[in-house]
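Below: one structure, written as structure tokens.
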Amino acid sequence: MEVEIISRKENSLLERTELRFRSRHANVSTPKRNEIKEKLAEIIGVNKGNIVIDNIKPEFGKSESIGYAKVYKKIDKAKELERDYILKRNNLFEKKEKKTEKGEGGEKEKKEEGKEKKKTEKKEEVKEKREKIEKEERKHEEKAKPKKGEIEKREEKTKGKGKGSEEKEKKEEGTKGKEKIEEHKKSEGKKKEEEKKVKSKEEKTKKSEEKK
């Protein structure tokens, strides 16, 4: 396999050298990135680890490929600028970033656990308040309920009141009966007196007629 640099451009702003290259690979498949890196490192005289190959495109009908690569002065700069999938293709994607993602996930889990704990604590507080209210209501109900002795006393009082009321009613009925009897007697006496008056008048009229 042969590698030839077609063009070279210095990019001072991004602290890298941009290369266009051609690889010839007769009777062989498209070379791997690592193989091309080694060839470019030999030609330019740099460390293979500072080279990032962006793409390799085989030419149609030829045993050649054209590619684009970037040579960084510092590999940390490549990690800042290059996209993740390019870093993965060049075996530069750090596992530390994955750990940070896991850490973020752990923080999220912790936050969720904290929220759940708060919810459970609130539920427990509500339960405690309800229990206190129920206890107070029970106390009030027990106070409001009359005791056995008080119930018996009330029943005795009601019974005594019932007896007294019955006696009063009987007395009232007796007095009313007496009054009715006296009224009846008076009415009968009046009737008799009227009858006597009528009889005396009749007798007088008879006597006057006999004299005539």
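The values are calculated or read from the model by the stated rules, or taken from the named source; none is laboratory data. Note that this is a predicted model, so its numbers are computed, not measured. Virtual Cβ from ideal backbone geometry, glycine too; neighbours counted across all protein chains shown.
Of note:
- Of residues in region 9-32 being β-branched (Val, Ile, Thr) and in a loop (DSSP other than H, G, I, E, B), the one surrounded by the most Cβ atoms within 10 Å (Cβ to Cβ): THR30
- Only listed residue being surrounded by 14 or more Cβ atoms within 10 Å (Cβ to Cβ), in contact (Cβ under 8 Å) with a residue 12 or more places away in the chain, in contact with a strand residue (DSSP E or B) (Cβ under 7 Å, 6 or more places away or on another chain) and aliphatic (A, V, I, L, M), chosen from ILE6, ILE51: ILE51
- Qualifying residues in region 103-129 (those that are at pLDDT below 75 and of a type in the set (Asp, Glu)) - the one nearest to the chain's Cα centre (by Cα): GLU109
- Some residue of region 130-142 being more than 47 Å from the chain's Cα centre (by Cα), on the phi < 0 side of the Ramachandran plot, modelled with pLDDT of 65 or more and assigned to a helix (DSSP H, G or I): no
Rundown of residues vs (1) modelled with pLDDT under 90; (2) among the acidic types (Asp, Glu); (3) within 16 Å of GLU2 (Cβ to Cβ), yes/no style:
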{"position": "GLU35", "(1), (2), (3)": "no, yes, yes"}
{"position": "LEU40", "(1), (2), (3)": "no, no, yes"}
{"position": "ILE56", "(1), (2), (3)": "no, no, yes"}
{"position": "ALA69", "(1), (2), (3)": "no, no, yes"}
{"position": "LYS73", "(1), (2), (3)": "no, no, no"}
{"position": "ASN90", "(1), (2), (3)": "no, no, no"}
